[in-house]
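The next block holds one structure in the form of C-alpha cells; read it before the comments.
The values are calculated or read from the model by the stated rules, or taken from the named source; none is laboratory data. All values reported here derive from a predicted model rather than from experimental measurement. All Cβ positions, glycine included, derive from the backbone under ideal geometry; neighbour counts span all protein chains shown.
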Amino acid sequence: MLLSMQGVSKSFSGVAALRSASLEIAEGEIMALVGQNGAGKSTLIKILTGAYHRDDGTVRFSGEEVSFVSPAQSQAAGIATIYQEINLAPQRSVAENIYLSREPRRYGFLDRRAMREGAQRVLTNFKLDIDVELPVSSFSAATRQMVSIARAVTQNARLLIMDEPTSSLDEREVSVLFETIRTLQNNGVAVCFIGHRLDELYAICDRVTIMRDGQTVAVSAMRDMPKVELVRNMLGRELAAFAAISRDVPDYLEKPIRLDLTNVGSGVRVRDVNLSVRKGEISGLAGLLGSGRTETARIIFGVDKLEHGSVRFEGSERQYSEPADAIADGIGLVSEDRKIDGIIPDMSIRENMTLAILPKLKRAGIVDRSKQNVIVERFITSLGIKCASADQPIKELSGGNQQKVLLARWLCTDPRVLIVDEPTRGIDIGAKSEILKLLRGLADEGLSVLMISSELEELLAAADHVTVLSDGVSVAHLSRAELTEATLLAAMAHQVN
C-alpha cells in the first residue's frame, strides 16, 4: 500500500474536524475521495501534506511512517497536490510557473531554453498548444488549470492529489485530463481524485472513499458502489429529528408564481436551470456539492450576471445588476456561510439585524434609535431569539440564534421572496427543527421561500416541492406527492427518467 492513514483525528478550538478517519491508496490506483462540505476531506489532505499537524493517528507513505511538517517536505517525499483554487504566479510565464522553484540551470545560470522546451513538451502531452513564454494571466481559467496540473506532473510525484481538477474544464479538456491520468497510472503513479461529479468519478476512479462528519463511512470499488448508495452514504440520515415538521400539504399549484427561472445559465456552474416559487410555499432546491445551487441563488440576487435564459419576478422579466435591485423588488438572501457572508461578529444583534434597512431608519443622516428598537424587539420576540439584550455582540449567540438574526435581517425588509441557502448548517438538531418550523410559518403567512439544502431530511420535512440540480442543470422536479427519500436520492444520483 503506497499510502495508509489510520485513526486520524484533528480538532480546532475543541471542535472535531476529523474523528479517527482513514484513507488507503495503492500504487497506480485512482482513488475517489468524496463527501459534502465539512465532511473532512480537505483537513485529511492538509494533514497528509504537512499543512496541519494531526492530533492522533498514523500516516505511512511508501512503507514508512511519516509526519510531514510542511507541504515542501511532503512534496520532496513524492506527494504533489493540485488545489481547486489555482495557485499560480499570474504575471510570470507558463514555463516559469511549471518550473517554479525547480528552474533548470546551466553553468549556474537559468537555462531558459531548457525550461521553455520542457514546458512545451509536457503541455504537448496534454494536447495543449500555447505559447509557454506568455504570462499565465493571458489564458483562460481552464488553461491555467491545465498548467497547474502540468507543474505537478513534472515533479515526478508518486502520489498526485487532485482537488476538483475538472471544475474549470470543458468536456474536451476533461477528456484530455483523463487520458493524462491514465498515462500516469500506467507509469505507477497513484491519484487521489477529490470530486463531486458522479459520472466523472465512475469514469476514471478504481475505488471510492466516502467521508461524512469527519469520519470515513465507506470504502468500496467503484463498480460495487451504486450511485444511489454513494449519495446515501455521503448525506446520511437524521429523518426522525424532523418528524414534527412533516404534514399534509394542500395543492399549491393554484397559487400565483412569484419567481420563475427559465433556461437560466451563467459560466460553467449554472448551465440550464428551470424552477419556480409560488406564493406561500417552500420550494426546495437540492443537489450535491458543485451542482450549482448557490450559484443559481447568486444569479437571482444580482451577485452574478445572468448570461442566458430569463428570470421573471411576479410576471415581469428581471435582470438584476446588483443585490440592491433585487432587495428593492422584495427579494432577500440568507447566505450559505453565515460566519463569512452573514454576521458581522463584533457588531451587536441590533446592528446586524437592521443592516439591510439602515437607509429607511435614517433621519437627517442619523439612525432613528427608537424606530430601530421597535423593529429589533419585535423580531427578537416573534422569532424567539435567546439573548441577554439587543446590544449583545452577535458572536456570543449560539449558531441557531445567529441564524434567526439573519432571517430577521431580511424579514425587516418585508420581502416577498426569501432565499435561504443551507439554513440549518452548523446548528444543533433542536435548533434545526425550530428554524424549519419558522420557515413553514412564514410561508403559511404568504412568504415565498426558496430553500437550498443538501440535507434530504430537511427537504422531505419542509418543502412543498423540490427541484434537483446536477452539474448546473435541472434534472428533476418533484411534487410533494412524489417527494420521498428514494426519489430524491435517485434524482441526485442522476437516475431520472
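The number of residues in the stretch 131-144 that are part of a helix (DSSP H, G or I) and either among the hydrophobic types (A, V, I, L, M, F, W, C) or touching an Asp or Glu at 6+ places or on another chain (Cβ under 8 Å) (or both) comes to 3.
The residue of the stretch 381-397 that is surrounded by the fewest Cβ atoms within 10 Å (Cβ to Cβ), among those that are assigned to a helix (DSSP H, G or I) and either more than 31 Å from the chain's Cα centre (by Cα) or of a type outside the set (Asp, Glu) (or both), is Thr381. For His477, the requirement of being in contact (Cβ under 8 Å) with a residue 40 or more places away in the chain, surrounded by fewer than 21 Cβ atoms within 10 Å (Cβ to Cβ) and touching a strand residue (DSSP E or B) at 6+ places or on another chain (Cβ under 8 Å) is met.
Across the stretch 99-108, a minimum of one residue is classified as closer than 16 Å to Met146 by Cα and under 33 Å from the mean Cα position of the chain (by Cα).
Of all residues in the stretch 157-178, those satisfying the criterion of being part of a helix (DSSP H, G or I) and not charged (D, E, K, R) are Val174, Ser175, Val176, Leu177, Phe178. Once the stretch 294-323 is narrowed to residues that are in a strand (DSSP E or B) and touching a strand residue (DSSP E or B) at 6+ places or on another chain (Cβ under 8 Å), the residue that is farthest from Leu447 (Cα to Cα) is His308.
Leu489 fulfils the conditions (1) crowded, with 17+ Cβ neighbours inside 10 Å; (2) at pLDDT below 90; (3) within 24 Å of Ile331 (Cβ to Cβ) except for a single criterion, (3). Can you say whether Ile344 is aliphatic (A, V, I, L, M), touching an Asp or Glu at 6+ places or on another chain (Cβ under 9 Å), at negative phi and not in a helix (DSSP H, G or I), as far as the supplied structure shows? Spelling it out, Ile344 is indeed aliphatic (A, V, I, L, M), touching an Asp or Glu at 6+ places or on another chain (Cβ under 9 Å), at negative phi and not in a helix (DSSP H, G or I). Restricting attention to the stretch 324-341, the residues that are modelled with pLDDT of 85 or more and assigned to a helix (DSSP H, G or I) total 6. Of all residue pairs spaced 6 or more apart or on separate chains, those with beta-carbon atoms under 9 Å, a first member in the stretch 85-104 that is in the same structural domain as Pro165 (by TED's automatic domain parsing) and in contact (Cβ under 8 Å) with a residue 60 or more places away in the chain and a second member that is surrounded by 14 or more Cβ atoms within 10 Å (Cβ to Cβ) and among the basic types (Lys, Arg) are Ile86/Arg144; Leu88/Arg144; Leu88/Arg151.
Where strands (runs of 3 or more DSSP E) sit wholly within the stretch 19-130, those with at least 1 residues that are in contact with a Phe, Trp or Tyr (Cβ under 6 Å, 6 or more places away or on another chain) and within 19 Å of Gln6 (Cα to Cα) occupy 30-34.
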